[in-house]
Each structure stands twice: as C-alpha cells, then as structure tokens.
1. Size of the dipole of the stretch 254-531 about the Cα centre, Lys and Arg at +1 and Asp and Glu at -1 on the beta carbon, nothing else charged, in debye to 20?
2. Filter the trypsin sites (Lys or Arg not before Pro) in the stretch 163-236 down to the DSSP loop ones having no more than 12 other Cβ atoms within 10 Å, then list what survives.
3. Determine how many Å³ per residue the convex hull of the Cα atoms of the chain encloses.
4. Provide the per-residue ³J(HN,Hα) series for the stretch 451-468, in order, calculated from phi with Karplus coefficients 6.51, -1.76, 1.60 and θ = phi - 60°, each as a whole number of Hz, with x at glycine and proline positions.
5. Once neighbouring chains are kept in place and the probe is 1.4 Å, which whole percent of the accessible area of the stretch 176-322 is contributed by carbon and sulfur?
6. List the aspartates and glutamates whose Cα sits under 19 Å from the Cα of LYS449, skipping any in the same chain fewer than 8 residues away.
7. Return the percentage of antiparallel bridges among DSSP beta bridges fully within the chain, rounded to the nearest 5 %.
8. Using Cα-Cα distances under 8 Å and only pairs 6 or more residues apart, what relative contact order does the stretch 254-531 have, in percent?
Amino acid sequence: LPSARHRGSPGEPRALFALPSAWGPLPAPRWPIECEVIEETIEHIEWVPPEPEPFCQPTGPHWAPATLGEEHGTVVYHLSPAPQGSCFTRARIGGAPGPLSSPAAPLEGPQDTTLLFESRFESGNLQKAVKVGPYEYVLMLRPDLYTAKHTQWFYFRVQNTRRGPLYHFTIANMAKPKSLYGEGMRPLFYSQRDAQSRSIGWRRVGADVRYYRGSSGEEPAAFRLSWTARFPHDGDTCFFAHSYPYTYSDLQRYLRALAGDPVRSRYCAVRALCRSLAGNTVYLLTITSPTGAAAKRAVVLSARAHPGESGGSWAMRGFLDFLLSADADAQLLRQLFVFKVVPMLNPDGVVVGNSRCSLAGRDLNRAYGTALCSSFPGVWHLRAMVERVLAEREVVLYCDFHGHSRKNNVFMYGCDGGGAGLRLCQRIFPLMLSKNAPDKFSFPSCKFKVQKSKAGTGRVVMWRMGVSNSYTMEAAFGGSTLGGRSSHFTVEDLKSLGYHLCDTLLDFCDPDPAKFQQCLSEVDALLRQRLGREPGSGGSWSDVSPSELES
C-alpha cells in the first residue's frame, strides 16, 4: 500500500497495485480518528444449517418492556456519539489514538449476571445498552457516522451469558417504518463456544420477534425491534447481527488467497480503483482469459455501496468463486467477456458499521451523477472506468448488488426507456434469472420505472451512459417465499445468486436466439396480460407509460 507520505489526494487512482503477500499480514483498515477500536480480531466460521430456517410466526406489537428509559434502568454500555454536525477530518490505522475507554459497566462479582456488550470492532454497531430488568435490555444503535439517521444495521458482542434465563432485547431506534422483522424474519446469532466445539456458525434465533412504532411523542418517529432468546452456554462469547457480516478484512483475506493461487491469479488482475476518504483501497478486479481481449464485450459488477447490505458481498463472493473456477461454463465466460468487478465500493462505511452512507455522510448510490471526486471517490472512479470501457467495447451488463429490508426474495430494478423493442428487451435478463433461480428470484417483484429520486443511482447513470442492460439486484435480508419455501436465506443461498447470474449471462448471450426469443414472447404476453390486452393483438409498447406497466 502507498505509504502515508506518498498518499496524494483521496481519490487519486493507482494504475498498479501489488496485493499484500499471500503470507504476510493483511493491510489494516483505516478508521476515523473519533472511533475507538479494540485490538481483538473478530472472525467467524462459515456454516450452512442442515435444515431450512423457517420464518417465525409474525406477532403483533403487544409485548414491550414496561420501562424503556434509562432513568428507570442502568446504563451498562455507552459509546460517546460523534458530535452533532461534525464531519470526517482524518483517519488512521486503529482509529482513536491513546488508551481505550471503558464503555461497559464493570461486573460486581461472579454473581453479577449483567451482560457485557461490545461493538468497537470492524462493522460493529451498538451505541448504548440499558438494563431495565434482570435479563432485559433496551439497546440503541449508532446512526451512520456524521449523520443523525440510518439506524438499521446492528452487529455486537455479548459476554457473561447464562444458559437458563429467557433474555429480552429491544432495539429502540430503528429508522424504517416497515421491516421484514414484522413478517417473520429473525435476528442472526453466533456462539463462539458452538463454533469451536461443534462447528456451528451464524443461525437464526428469537421468539416473540416484533417490529413496531415507538411512543407517539418521539420526533422523528423511531421504530422498535424486540425479541427473546436463550443462550446455549454459561460464560459464552456471542454475537447478534442484522445480516451475515462480511467485513473489509474478509474481502482482503479473500483477495490474499486469490493472490497466492498460481492458477486463478493468471486470469484475475487486482488493482486499486482508488482510495476511499479514509485511505482504504477500493479494489478493482479484471477477470478474463489472456487471449482475444480486443474483441470481447464487457460486464461490470459492483457491491456494497450500502455497507449494511452485507448479502451483496456474499452474492459477489459466489460470483467470484464460480467465475474463477475450473468449471467449463466459467472458462467460456472468461473467453467471451472482460469482467470489471468492484466488490466493495464503500469500504469506509463497512469498516465503521454504517447502514447506508460513506464518511461523507451521504448515500453513495445517489451520487453517481456528481462531479465531486474528492467526496465520492469510489463511485466517481467507477463511473469514469465504465466511460473508458465504453469507448473501446460494448458493456453488455451492469449489475449493482444490494439488500432489501421490506420485501422477501431476490429481484431487480431496471431502466424502462427507449423504443418499444428496448423496453421489452430490458426485462429479458431478469426473466431468465427467475427461470434459473425459481426458488429465490421473483420476476413479478422487478420494477423498471426510472423515478426522478433515483436519477443518481448506479443503474440509471450507467443506463444513460449507454449500458442498455443496467440493473440493481436486491436480495432480501429475510429469505424466500418461492418454490414451496418460506425460510431465511443462508450464506449458500446468497452465494448461489452469483452462480445463477453467470448461468443467466450465458443464456442471455447465447448465439442460438431460441431462449432469448422465447423470453421476449413471454415478456410481451405478461405485459399484455397486465394491461388487459389480448395476446397476439399487436400494437406498439411505445405509447404505454412506465407507470401504466407497473400499476
């Protein structure tokens, strides 16, 4: 990595980038100097439950702790929030200099059953915990740094657990009025002892899961997530999370393994697209076979513009695992296309545990239209890279991986525009993907209207630059209700989306047009059915507005 004295401007691209040695230490993440960081490295094993994890029965907001204010309880964990109105100034490895503070209340002895909370680690988010009963806690999440909102992502550690009691947890400042927690989604839980002794990783837990509006006097309105849970062991170290964590260091470990693989590194070049505001590297992977590059079309993929949508990283991981494999279809894809992949657009937000924003305090997926390289280096350099690629070859697909908090299943947002033929063609890739992943992907949930509020998103800006097939892929935080399922997504489900996207790309670009024409006919029939037109009745789609198609 560039040394501190040669760093240059925050958005300065690096033409060449030597990955960290396959055997050396990982480059440490850079944190804003306001952030305290514990020294322990937090890592979790990967595990897939042997049986599907069903949604719980949705319950109404009838149960709530009798007292929700700290005036009636004891503050047992409290991180000092960033000062209101502050902004990012500088970063360093390890965050705040000097000795760490002690945000957790000390235990009074072995008989003290108070949980010990901690969130000062990579991607962690918990600002405050108030004990309001012997085994009852009210929690507050930290807003995205340098903002006063976007409380959704949580990821924190608890220690000093007891096996027998039923614990009640309430997160009292969730931001969104609607959530999949209200439709049967359950939080994720990890026991360190179970991981070490039984190789069990993240799993869904919680009974009485409720999502509801807080007291009517709160401004702005806050929403509450509450659940009950029992810990499997005394004295365990456990974690709760909103979605399967995937940190910046997880990505760097993956890229280090890639660098140390003499086969895969031959057709995957890893460079720095740019550096983030904090000086963390935004990686760019170029994947293709070494021959015939000049005639190839391009595919551009990105993920983690929104740091709290960690499922996007798992889908990206599945995509890279397959594309870099020895599978015959993977080899064919590398022969046909040049892949430009940005696996983590917002490393700073991922590092500090934000839900939506970068350290500029802004949503990067509304900033693609901006000229402010210094404020939004990742998306600025991604857009500039796509402009350069378009000057020399066709970009057949752009896809940005995201997560969705209010709708189950996987679906896409596309761009409805151009002539009648184009607006049908833009629906073909999502329809093909729904056929390849029928138990996960919902074509009826896809939308193609370009709203004014989405003008700065990656898919709309890339589409206006000339990428006809430009999409946002949304994977639910919850799971699937398709193909007889009613269960949460596992890590393997999310990774499989990457494989299905590869499979669909081959179908979409097949020289034999049979599949394409079949899907074109199906899309035409579906839209006619939606508008009440007779199949085969003819007529142009150019006189139908996107609003009519999506009503």
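1. It comes to approximately 780 debye.
2. Sites meeting the loop and neighbour criteria: ARG163, LYS178.
3. 170 Å³
4. 7, 4, 5, 9, 4, x, 6, x, 5, 6, 5, 5, 4, 6, 7, x, 8, 4
5. 50 percent
6. ASP400, ASP416, GLU474, ASP524, ASP543, GLU548, GLU550
7. 70 percent
8. 22 percent
The values are calculated or read from the model by the stated rules, or taken from the named source; none is laboratory data. From a predicted model like this one, the values you see are computed outputs, not experimental measurements. Cβ: placed from backbone, ideal geometry, glycine included. Neighbour counts: every protein chain shown. Ligands, DNA and RNA are excluded from the accessible area calculation, which covers all protein heavy atoms including side chains. Shrake-Rupley method; radii C 1.70, N 1.55, O 1.52, S 1.80 Å.
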